[in-house]
Structure formats: structure tokens, C-alpha cells
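The values are calculated or read from the model by the stated rules, or taken from the named source; none is laboratory data. Keep in mind that this is a model prediction, so the values were computed, not measured. Because the Cβ atoms are built from the backbone with ideal geometry, glycine has one as well, and the counts that use them run over all protein chains shown. Accessible surface is based on the protein model in full, side chains and every heavy atom, while ligands, DNA and RNA are left aside. Shrake-Rupley method; radii C 1.70, N 1.55, O 1.52, S 1.80 Å.
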Amino acid sequence: MSEDEGQVRAYPVVRLKPKAEARAIRHGFPWVYADELVTDRRTQGLDPGALAVLEDGERRPLGLVTVNVKSKIIARMLDRDPDAVIDQAWFETRLARALAHRSRLYADPYYRLVHAESDGLPGVVIDRFGDVAVVQPNAAWAESHLSDLVAGLIAVTGVATVIKNGSGRSRGLEGLAEEMAVIHGPGPAGPIPVPMNGATYMADLLGGQKTGLFFDQRENHRFAARLARGATVLDVFSHVGGFALAALASGAESALAVDASAAALELAKAGAGASGTGDRLTTRQGDAFEVLEALGTEGARFDLVICDPPAFAPAKPALEAGLRAYERVARLAAPLVAPGGYLVLCSCSHAADLQSFRNACARGIGRGGRRGQIIHTGFAGPDHPVLPQLAESSYLKALAFRLDG
């Protein structure tokens, strides 16, 4: 036996069923679904996150995968080299490549550093806030290799603090428990100021939603801010003031931020204060649909209305209900737009493709008694790269409409 053969056989072997599409995996698709893999007793006995060599139905190796028999995504491709060793050095190589891209894009170290499969680290999300990094190990393999991942992260970026954000739907699907912890360095004393698009945002890294801030909307914030000069702005599902603060920094006359979370709105106020625009921001806490209806009853009108709701269709079973919810948002928001004003509608549901979302928005605008033209279509920023073979990595859509006069 050669030395190379011995290395390959150091890992257990899992095999695709004969009818599974090995070609897609060879061409870059990173997942194997449970019904595509032979799940014999040995495979069933693998611990969640175990490493294995994936073979096609003819016993030809396809690469090194991580296996979780408790997940519908039973295997995730880690490396096309079946001999790969997943250690700190391996993580450093992936992280250095990810960092080189972000460093070219952004002068300041505030961005998504790792976007899961798109950066070659399946199920791993890392957002960077200066010298603090928030890691979401959303797959079992990442949880079991967390120490090497964190060591590599510190070595490559030099961050002083690493926070583990072990929350969210994805971890539940992997059979992982929720956990929030500072796992390296001193924890932040409070919300961290984040400069973006001329504004300062306040990100609560330990108690906020997701990692504390949504970097993916940065480019869409910037575009909407171009429409906001001298305008009155309504930002619904505002979180910590995403669109509102960018609009105010660009010269909006005023902005009203609406969100169900009082804590998020307090952070929006703090961000406006830090940006020097606190006198032009007002907030309104409440259910977004109820507030939209109330504003319509009050006869309120705004030059620019933005609605950036949570994922109404996080998976295919929720698609129809999700599209109805997006249509309802558009129907309630359209009458609030002043004649000749702008309406920006967003979706972060990967199950709702662009055409379906666009159609739902158009129906809603029509049902709201308005007509409009699409002037811009936006997506996540370039620190959220898309893996061409994986539709799920392209999830964010933003449509800007100019409505009739």
C-alpha cells in the first residue's frame, strides 16, 4: 500500500447511491442530501461532524466531507483533496483568502469575513467588528473543530476578542444546542460603534439579533441613501436603523424608524446620536403591519419608504405564505409613498427567488392602488459572495420602485 492510499483510508468512507448525481458535486455543488448517500451501519455510527472520504457509486473519491446523519444535508464538501488534514493551518489558508478579498474592498475592518460555503467553510459565518469577531458555527463539523478555527482566525486577523454566537435555526437543524459566549479575549463592555455609509451604527454583539448588525444590506443602504437627500423617509423593520441612518447621513430631512424591538430602536437612536443626526430621527415601536396600517389611516406620506422584513419564506414549505406576506407589505406600504416618491422592498428569503418576489411586490403595489417602475435591483454586498452552484448563497433581494405621481 502506498503512503497516499494509507492517508485516504485514515478516514472512513461514505458513498453516493448509484443514481445520485456525482457530476454536480464534481462541478462544485457542496452538499449531499440524506437520500443520496448510502447510510449503512458504519455511516449511521459516525458522530455528527465526523470527517469522511466521499466516493461516487463507482468508488472513485470525490473529496473530503463532513457527515451529520441527523441533518437533511448529510454531507458537506470540505476539500476536493481526500487527503486534506483539517487543522489550524488548513483554516488559516481559507481565512487568509477570505481576508484578502475583504481587505481589498473595505478600508475599515467591518464586514462579513466568512460567508459559509461561498468561502469554503460550510455552515460557518464570521462577521468582523474591528478587533472583535463574531463566529457562528452553524454546522456540527465547525462546532467540533472550533478551537482550530478560532486559533486560525486570531493568527490571520489579529482580532483581540472572539464571540461564539451559537443561536439560530441552522444549529437546530444540525442538532446543536444554542450558546452565546466570549471564547477569546475580553468581552465588549457595550454596543460597538460601526462606521458604514457615512453613519455610525451601534451593534450589540452579545444581545442583538444575529451577529449584531446586517452587513449584507450595506450596498442597498447606499443606493437608497442616494434617493434620500432632502426627503422624508420611513424605514420599516428598521432593526438598529439600517436604512434610516444611512439616509440621514446622506441628507434626508427626517426619518421614522419602525421596529417591534424596543432595544433595537434604542440602538438606532444611539447610532443617530453618534452620527450627529439624532434630531432628525424618530422611532415607533410596534408590529410592522399594524404600524403600516395605522400610518395609512393617519394619512402619512413619505418621499422614500423602505421595508426590510425578516425571512418570511426561510424554506420551501413556507414559500406561498411568505410571498403573501411580501405582497401584504407592498400593499400597505405603497399608499404611504408621496406622488413620484420611492418604495424599496427587500427579501432575505432564499426560497423566494427574484422573479417570485418581484411579482409579489408588483401585485401588492397594484392592490395598494399604485403603479410603479423598477429603477434598481440590489443584492447582498461583495463581502457576501455567491457560490454559483448553490442557490441558497444568493438570498438577498432589494427592489427600488418609483411610484406614479
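Quick rundown of the values:
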| item | result |
| --- | --- |
| Options Arg26, Arg41: the member that is of a type outside the set (Asp, Glu), over 17 Å from Gly123 (Cβ atoms), under 27 Å from the mean Cα position of the chain (by Cα) and open to solvent by 60 Å² or more (accessible area, probe 1.4 Å) | Arg26 |
| Test result for Gly230, in a loop (DSSP other than H, G, I, E, B), at positive phi and either without any contact (Cβ under 8 Å) to a residue 60 or more places away in the chain or open to solvent by 10 Å² or more (accessible area, probe 1.4 Å) (or both) | yes |
| Cross-chain or 6+ apart pairs with Cβ under 9 Å, region 100-128 first and closer than 16 Å to Glu219 by Cα and hydroxyl-bearing (Ser, Thr, Tyr), then in a helix (DSSP H, G or I) and open to solvent by less than 20 Å² (accessible area, probe 1.4 Å) | Tyr110/Phe215; Tyr111/Arg102; Tyr111/Phe215; Tyr111/Arg218 |
| Qualifying residue in region 390-404 (condition: touching a helix residue (DSSP H, G or I) at 6+ places or on another chain (Cβ under 7 Å) and modelled with pLDDT under 95) | yes |
| Subset of region 83-93 [open to solvent by 50 Å² or more (accessible area, probe 1.4 Å), touching a residue at least 12 places away in the same chain (Cβ under 8 Å) and part of a loop (DSSP other than H, G, I, E, B)] | Asp87 |
| Unique match (being open to solvent by 40 Å² or more (accessible area, probe 1.4 Å) and under 23 Å from Tyr33 (Cβ atoms)) among Arg76, Arg80, Arg97 | Arg80 |
| In region 54-85, the residues that are over 20 Å from Glu174 (Cα atoms) and β-branched (Val, Ile, Thr) | Val85 |
| Pairs with Cβ under 8 Å, 6+ apart, first in region 350-368 and touching a residue at least 40 places away in the same chain (Cβ under 8 Å) and over 17 Å from Ile306 (Cβ atoms), second open to solvent by less than 80 Å² (accessible area, probe 1.4 Å) and among the acidic types (Asp, Glu) | His350/Glu392; Arg367/Glu327 |
| Lone unmet requirement of (1) surrounded by 15 or more Cβ atoms within 10 Å (Cβ to Cβ); (2) free of Cβ contacts under 8 Å to residues at least 12 places away in the same chain for Pro48 | (2) |
| Flag if Ser144 is without any contact (Cβ under 8 Å) to a residue 40 or more places away in the chain, open to solvent by 10 Å² or more (accessible area, probe 1.4 Å) and hydroxyl-bearing (Ser, Thr, Tyr) | no |
| Residue in region 175-187 that is in contact (Cβ under 8 Å) with a residue 40 or more places away in the chain and charged (D, E, K, R) present | no |
| Out of Pro188, Pro195, sole residue that is of a type outside the set (Ser, Thr, Tyr), assigned to a loop (DSSP other than H, G, I, E, B) and at pLDDT 95 or above | Pro188 |
| Residue check, Ile154 at pLDDT 95 or above, open to solvent by less than 10 Å² (accessible area, probe 1.4 Å) and not polar (S, T, N, Q) | no |
| Subset of region 164-183 (residues that are in contact with a helix residue (DSSP H, G or I) (Cβ under 8 Å, 6 or more places away or on another chain), over 21 Å from Lys70 (Cα atoms) and surrounded by fewer than 18 Cβ atoms within 10 Å (Cβ to Cβ)) | Ile183 |
